[in-house]
Amino acid sequence: QQQQQQHQQLNSSGGLGAKQTNQVGPAGEVPPSFTCTFRDGVDYVSSGPEDVVEKLSDEQCCKRCKSRNDASPGSCMVGVISADYDKPPRACWLKGRVMRATAKEGVRACWPSTPPQDLEGQAVTDMEEHQERLKAVSALSSPGVVPSHSILLQRAEAIRAATRHAWSAYVRLAWGKDEVKPVSSRALDSVFGHAVTMVDALSTLWIMGFKEEFQQAREWLVINLPGRLGKLVKRVSVFETTIRTLGGLLSAYDLSRDSAFLDLAKMVGKKIRSLTSSAGVTPYTFGRGNGGSKCKTLTDSGTNQLEFRYLARETGDKSWSESSDRFYDMIRGRPSVDGLWPNCWESGKGRITMGADGDSFYEYLLKAWIFSGKTDDVLWDMYDRAVTGLEKHMLQKGPDGLTYVQELSWTGEDAPKQVEDMEHLTCFLPGWLSLGASMPRANATRKRRLALAESIANTCWHMYHRQPTGLAPERVQSMQMDLSKTDTREYILRPEAAEGWWYMHELTGAPQYREWGWRAFAAMEDVLWTPDGYASLKDVRDEGRGHLDRMESFFIAETLKYLFLLQDPDNTIKLDKYVFNTEGHPLSISKLPQ
């Protein structure tokens with residue numbers, strides 16, 4: 001609906017937005033002949049610096065742009081008044097060297113002169129092409145009917161097109177930077193400082209057949225990444241660098257067998273390994289600081305074993321994995337409740353979750369066991385006990401009949417108490433449970449645990465299906481799917497539901513998982529698309545609240561990859577050959593020939 005409204009704006013009054021010409025007031029400060037041309041619902045992408053001035057009226061914004069341009073021709077082609085939901089809201093952005101127009105609900109552009117028609121034409125083309133894609137996506141839905149091979153190929157191609165759109169925006173606007181901002185059409189380079197979207201996207205580009213784009217990224221990374229890694233600032237997350245950058249490089253090497261990626265991975269690995277203590281404890285940041293929980297967490301030290309074991313195998317140097325593996329020895333001696341440890345494990349009490357600060361630690365128990373050739377019995381036992389703890393303490397049937405995975409609060413002595421908070425992050429659990437249940441040694445628990453995986457996957461589907469936008473919130477609190485008790489209702493392009501549905505389809509063949517994935521993708525295409533990527537959403541209950549100017553690297557690395565694999569009937573990335581790191585990067589279970 002939002003896109004249809006924007007499309008109508010694009011084609012009304014012969015141009016972009018509602019065109020009108022206004023006098024800038026009788027104050028005498030501007031010549032009476034001076035007029036402003038306004039465009040509603042239009043932003044403009046500029047190639048130069050932009051200044052922002054707050055607390056100006058629309059007319060004052062236009063006047064300020066004209067005055068600046070008179071003093072220095074070309075310094076302000078257009079002023080844009082930001083939307084109510086922007087930061088800062090209703091501010092005047094003064095832009096020079098404008099490249100093109102883009103539709104954006106809630107903003108207003110003011111031109112001291114007539115807008116160039118060529119800028120508007122491209123925006124109209126973008127919107128018209130997107131409307132055609134939406135029609136095609138809608139036509140490929142088949143609720144209640146198993147889609148044919150031909151339909152699945154068309155679905156996969158639609159997801160490839162979405163990936164191409166997101167990647168092209170990054171290349172055009174943020175090449176060499178960390179992320180593209182899909183609403184303001186700018187680059188963001190303050191989180192990692194080493195082109196993390198480029199690295200994180202490598203395995204997706206390869207799997208989807210974008211080999212030319214893969215090679216272009218490879219050439220840039222070989223030349224530039226070593227210097228960027230040498231300048232990592234202290235606040236950069238070791239955890240995120242491990243899963244996105246180290247994992248992305250290792251997977252690129254695994255898929256392409258290009259040793260340049262292994263060389264780069266060793267550079268990253270050395271920096272991370274140098275921070276890991278003799279007990280296997282790894283800090284959250286390169287400055288040895290903690291993350292948002294203000295403590296050393298399970299995920300900080302328990303989400304690098306798969307990557308380092310892969311490095312040890314591929315290089316023939318066991319020292320790569322020795323220090324990180326010691327964390328497993330250390331953590332087994334710490335207080336736990338039925339195989340579940342507090343996220344802040346040093347304290348021996350506090351929050352226990354299958355979401356933030358806990359999830360990937362438990363995920364890697366199973367995956368590192370698989371990578372060991374299914375011989376590391378200690379890891380299997382830790383995994384099996386953790387599932388038992390989940391079954392015993394963390395599940396609750398909601399008033400709607402759905403199975404919710406709750407957090408726990410533990411004093412370290414008494415039985416843990418449930419906290420009614422299910423994060424989107426926990427939607428990885430169907431994959432974790434079903435993958436474990438598929439193993440021969442899980443015979444005694446297979447039926448029960450597979451049923452649990454199915455029920456959690458269904459809850460994750462309802463997190464999407466019950467929202468007006470068709471997109472899921474960051475969490476559901478108090479088991480209320482209307483989110484009346486939930487304080488974080490945004491969708492930030494998270495992948496975990498698509499991940500869980502892909503595993504479930506691969507391991508059970510049940511058709512509903514494909515349909516759920518397709519309907520979630522259709523909602524993304526409808527609600528989140530912008531001319532420069534895919535934006536996050538402020539409130540999944542209300543599309544009108546607007547977008548968040550954010551497209552994290554995991555959208556290409558994970559969300560689109562899992563959605564693609566879920567639909568592609570001919571994909572060769574299979575679970576008997578690959579194990580995925582927690583960022584969705586596949587690594588071969590068996591060593592491949594050079």
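The values are calculated or read from the model by the stated rules, or taken from the named source; none is laboratory data. Since we're looking at a predicted model, the values are computed, not measured. All Cβ positions, glycine included, derive from the backbone under ideal geometry; neighbour counts span all protein chains shown. In case anyone asks, the SASA skips ligands and DNA or RNA and just uses the protein heavy atoms, side chains included. Shrake-Rupley method; radii C 1.70, N 1.55, O 1.52, S 1.80 Å.
With protein chains left intact and a 1.4 Å probe, residues in the range 487-594 average 28 Å² of accessible area per residue. Using only side-chain charges placed at the Cβ, +1 for Lys and Arg and -1 for Asp and Glu, the dipole size of the chain relative to its Cα centre rounds to 880 debye.
Listed by chain and number, the lysines whose alpha-carbon sits under 17 Å from that of K234, ignoring those within fewer than 8 places in the same chain, are K270, K271, K294, K296.
The accessible area of Y362, taken with all protein chains in place and a 1.4 Å probe, comes to roughly 0 Å².
Among the lysines of the range 469-594, pairs at least eight places apart or on separate chains and with Cα atoms under 29 Å apart come to 7. A 1.4 Å probe run over the range 51-202, with the rest of the protein chains in place, finds 42 Å² accessible per residue.
The coefficient of translational diffusion for the chain, derived via Stokes-Einstein from the alpha carbon Kirkwood radius under 37 °C and 0.692 mPa s, stands at 129 µm²/s.
Shown in residue order for the range 52-65 are the 3J(HN,Hα) couplings computed by the Karplus curve 6.51 cos²θ - 1.76 cosθ + 1.60 at θ = phi - 60°: 10, 10, 8, 6, 10, 6, 4, 5, 5, 4, 5, 4, 4, 5 Hz (x for Gly and Pro).
Once backbone amide H atoms are built at 1.01 Å from N, D258 has no partners under 5 Å, excluding neighbours fewer than 5 places away on the same chain.
All other residues whose Cβ lies under 15 angstrom from that of E50 are scored, Lys and Arg at +1 and Asp and Glu at -1, for a net of +4. Going by a ≥ b ≥ c, the root eigenvalues of the Cα gyration tensor, does the range 64-198 fall in the rounded group (a/c under 1.5), the prolate group (a/b larger than b/c) or the oblate group? Because a/c hits 1.5 or more and a/b exceeds b/c, the range 64-198 counts as prolate.
For the range 499-580, the Cα gyration tensor yields ellipsoid semi-axes of 27, 14, 10 Å (square root of five times each eigenvalue, largest first, whole Å). Spatial offset of the range 161-198 relative to the range 354-374 amounts to 30 Å, using the alpha carbon center of each. For the chain, the share of accessible area belonging to carbon and sulfur comes to 49 percent (1.4 Å probe, ligands and nucleic acids excluded). Dipole size of the range 510-594 about its Cα centre, with +1 on Lys/Arg Cβ and -1 on Asp/Glu Cβ: approximately 340 debye, rounded to the nearest 20. Would you work out which of Y491, S278, P416 lies farthest towards the positive end of the dipole of the chain? Charges go on Cβ: Lys and Arg +1, Asp and Glu -1. The one lying farthest along the dipole's positive direction is S278. Once backbone amide H atoms are built at 1.01 Å from N, C76 has N69 as its partners under 5 Å, excluding neighbours fewer than 5 places away on the same chain.
Using a probe of 1.4 Å on the protein chains alone, the accessible area found for H465 is around 90 Å². The largest accessible area among K181, K294 belongs to the first residue in K294, K181, and the rest follow in falling order (1.4 Å probe, all chains). Over 22 Å, how big is the tail of the calculated P(r) for the range 262-379, in percent of all Cα pairs? In whole percent, the long-distance tail amounts to 31.
A simple count of charges around P399, restricted to other residues whose Cβ falls under 15 Å of its Cβ and scoring Lys, Arg +1 and Asp, Glu -1, yields 0.
From helices alone, the chain scores -13500 deg cm²/dmol at 222 nm; the rule is -39500 (n - 2.57) for each run of n ≥ 4 DSSP H residues, then divide by the residue total. Tally Lys/Arg at +1 and Asp/Glu at -1 over every other residue whose Cβ is under 15 Å from the Cβ of A83; what's the total? After counting each charged neighbour, the total is -3.
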